[in-house]
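Enquirer: Before I ask anything, here is the structure I am working with.
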Amino acid sequence: MRRRLLVIGLGLTVSVVTWAAAASLSVTSATLAAGTQTVGGCTASVNISYTLTFASADYRVASATVSGITPAAACNGKTLSVTLRNSGNAAIGTGSLVAGSSGTETVTIAAQPLASDVTGVNVVFSG
């Protein structure tokens, strides 16, 4: 019985570590990741992290925090759009806002897709 509980506990620990690792993504023009990067915009790279909510027995993406926006002043006033994508590259959640000068922005994601369905992200500054 004790051995079985140890195996179950180890399995839960691995699951938690997997969820934590999947909730953060760095997208740059020099790396291959689940995202896209346009070279020549107002910033060279960004980091993405997600805020998850637990609803209806599932984890869902409520918002995406875009950080590492440098130089932040170059993106100030531009529209920041975040699109979450599934394995078929279909858009499953979107959000946008007008970027400020802090270098970090939190974008609310409409429709709050299942976290397990998110395999890619597009971040676009426009305007």
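No value in this document is a laboratory result; all are computed from the given coordinates. Values in this document were obtained by computation on a predicted structure and should not be read as measured data. Note that we place each Cβ from the backbone using ideal geometry, even for glycine, and neighbour counts take in every protein chain shown.
Enquirer: Starting from the Cα gyration tensor of region 56-99, take the square roots of the eigenvalues, sort them a ≥ b ≥ c, and report rounded, prolate or oblate (rounded when a/c is under 1.5, otherwise prolate if a/b is larger than b/c, else oblate). It would help to have the intermediate numbers written out before the result.
Expert: Working: a/c = 2.73, a/b = 2.08, b/c = 1.31.
Because a/c hits 1.5 or more and a/b exceeds b/c, region 56-99 counts as prolate.
Enquirer: Residue 91 to residue 56: FRET efficiency via 1/(1 + (r/R0)^6), r the Cβ-Cβ distance, R0 22 Å, to the nearest 0.05?
Expert: Working: r = 21 Å, r/R0 = 0.97.
Once rounded, the FRET efficiency stands at 0.55.
Enquirer: For the residues 84, 52, what sequence is obtained by ranking on other C-beta atoms within 10 Å, fewest first? Let's see the in-between values first.
Expert: Values: 84 25, 52 17.
Result, fewest neighbours first: 52, 84.
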